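Take a look at the structure below.
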Amino acid sequence: MSVSKNIPKVEQVWTKLLKEIENNVSNSKRFAIGYNVNLDVVLPAVDFFNKYIEMNNLDISTLEAKDCKEITTIEDLISVFKFHFKDGRAAERFVTDSKLYKKLTTFFIENIDHKFLLGGNAGLMANSLSENGIPVLLAGIKGPILEKLIHKKVEFPKCEFVGEETKKENQQKLIKWYIENGIEFGENSDQIHLILEYKEGSSFGGLTAGRTNRFIISNDYFNAKMKTMKLFKSQITSYQPTDIVVTGIHLGDGLEKQDRLQLVDQFADNIKTLDPEIPLHFEFASVANLGFLEKIVNKVLPLIDSVGINEQELSSIAISLGKYSNEEIESIRNSSPPIKLISQVMYDTFSKFENTKLSRIHFHCLGYHMIGQNPDIWEDSYNAVAAGSLKASTQASGFTLEEAIEMDNFATEKLEFNERSWKLDQVNWNNDGIMRDFNIENIKFFWAPVAPCKIPIKTVGLGDAISITGFMNSNKKKKKN
């Protein structure tokens, strides 16, 4: 028997959620974010592959849909794409062959309609914060195209010696300073990532996409090696942020084994230098190599206060926990997975890192969002999970909330708390009848429905926007004197 009897209308849900987030974000917040920012090139995936296959006279009839940790050939790329395409799963992979990647980028420039967008988890979250009027320092490098895409109020690390000299002299000093900090800087410093988007129901290689999503590839060694960590560390103390966000380590997936494991150590060591009193959020992303994933989980999660994850990333954590069956792992990867299973994996993650800083997990999928947290450390998160839900619907649709309410572009069938295994006395209803909270031992969970956009205009960067919206609406409890 379902907990709720009637499925609410989209407008009812949004009106209730909106009440939770009005006037919640403190105007005293200021964020510092590192480390990845790049140029996203958005392409229609099926058109891209079909044209590339035709113009290069490729035979893909024998290529199976299978996953792999890294891409070294065009055959690898097509096989991995097919693997994720059939289920409509978001994924990101590194192309280790620089010549192949250059060939792919040259091809799309000459043959495929495309558009440039700001990319990189850190860059996207910085823009979201600035659009909400929150000051933010972004550890990254912007080239000539990114310069036009990044919000004008996003601050970048400054070099202290730039003064009254001529622009040319300042630029020469700036380039030297970047090089001394291990950063290659030049006119072509925009790192390009290819975002291959597809619609639910589209066909490729005899397969049909299970849902609208995207597949991302890059050959971005600059961000993969996280070369702005030193830059970030040198500036963050003087900036005096109230909140810190770190992300981008997933790009190390394409490095050699020794380099990627060393990268995790460097990433963790850098986190240890940050003020432990400042709330620290880590944004997860797709990782293919299990050894790399396990080291990130074991070395990074104990050092951070909060983490943002989707169903694919939570399934990876579940694998690293080593206690879930293959059937359960596949269930976690559904677009709207069982609430009881998801909350249990989140609880087990907290249990594994019980005596560490980790005290908040923000999970988001197509059908709902859920924040699990230590209630002794964080204030109630109705407002945070509500804000993330609204952001998911509006950003995917490309419209404001007011515009979106008037449109018939949102599914309503998932707008109910329909986990049959819950008993009524286990779930507290918010007084508006839309949101829920419940406890598993000492962890409190906050749940909100999402009205999925039927025809999403934008999928890339959605998880980043959801997580940062939730985090900026979250507050740690003040310590008692």
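Laid out as a table, the results:
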quantity	calculated
Test: residue in the range 77-94 that is touching a Ser or Thr at 6+ places or on another chain (Cβ under 7 Å), at pLDDT 90 or above, buried (at least 20 other Cβ atoms within 10 Å of the Cβ) and within 13 Å of Ile192 (Cα to Cα)	yes
Pair list, Cβ under 6 Å, 6 or more apart: the range 78-104 residue in the same structural domain as Gly205 (by TED's automatic domain parsing), other residue modelled with pLDDT of 90 or more and of a type in the set (Lys, Arg)	Ser79/Lys66; Val80/Arg93; Phe83/Lys66
Residue under evaluation Asn481, criteria (1) in the same structural domain as Tyr382 (by TED's automatic domain parsing); (2) at pLDDT below 85; (3) not charged (D, E, K, R), criterion not met	(1)
Selection count where residues are touching a strand residue (DSSP E or B) at 6+ places or on another chain (Cβ under 6 Å) and not small (Gly, Ala, Ser), scope the range 135-145	4
Selection within the range 195-212 - buried (at least 22 other Cβ atoms within 10 Å of the Cβ) and either modelled with pLDDT under 90 or under 21 Å from Ile150 (Cα atoms) (or both)	Ile195
Residue in the range 7-28 that is at pLDDT below 90, in a loop (DSSP other than H, G, I, E, B) and of a type in the set (Ser, Thr, Tyr) present	yes
Of all residues in the range 189-221 being polar (S, T, N, Q) and over 17 Å from the mean Cα position of the chain (by Cα), the one that is nearest to Ile60 (Cα to Cα)	Ser203
Residue among Leu261, Leu255, Leu274 that is touching a Lys or Arg at 6+ places or on another chain (Cβ under 8 Å) and either at pLDDT 95 or above or surrounded by fewer than 20 Cβ atoms within 10 Å (Cβ to Cβ) (or both)	Leu261
Selected residue [at pLDDT 80 or above, aromatic (Phe, Trp, Tyr) and surrounded by fewer than 23 Cβ atoms within 10 Å (Cβ to Cβ)] from Tyr347, Tyr382	Tyr347
Qualifying positions in the range 213-243 - within 15 Å of Asp275 (Cα to Cα) and surrounded by fewer than 23 Cβ atoms within 10 Å (Cβ to Cβ)	Lys233, Ser234, Gln235, Ile236, Thr237, Ser238, Tyr239, Gln240, Pro241, Thr242
Identity of the residue in the range 287-319, assigned to a helix (DSSP H, G or I), surrounded by 20 or more Cβ atoms within 10 Å (Cβ to Cβ) and of a type in the set (S, T, N, Q), that ends up nearest to the chain's Cα centre (by Cα)	Gln312
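The values are calculated or read from the model by the stated rules, or taken from the named source; none is laboratory data. Fair warning: this is a prediction, and the values are worked out from it, not measured in the lab. Please note: Cβ atoms are built from the backbone with ideal geometry, for glycine as well, and neighbour counts cover all protein chains shown.
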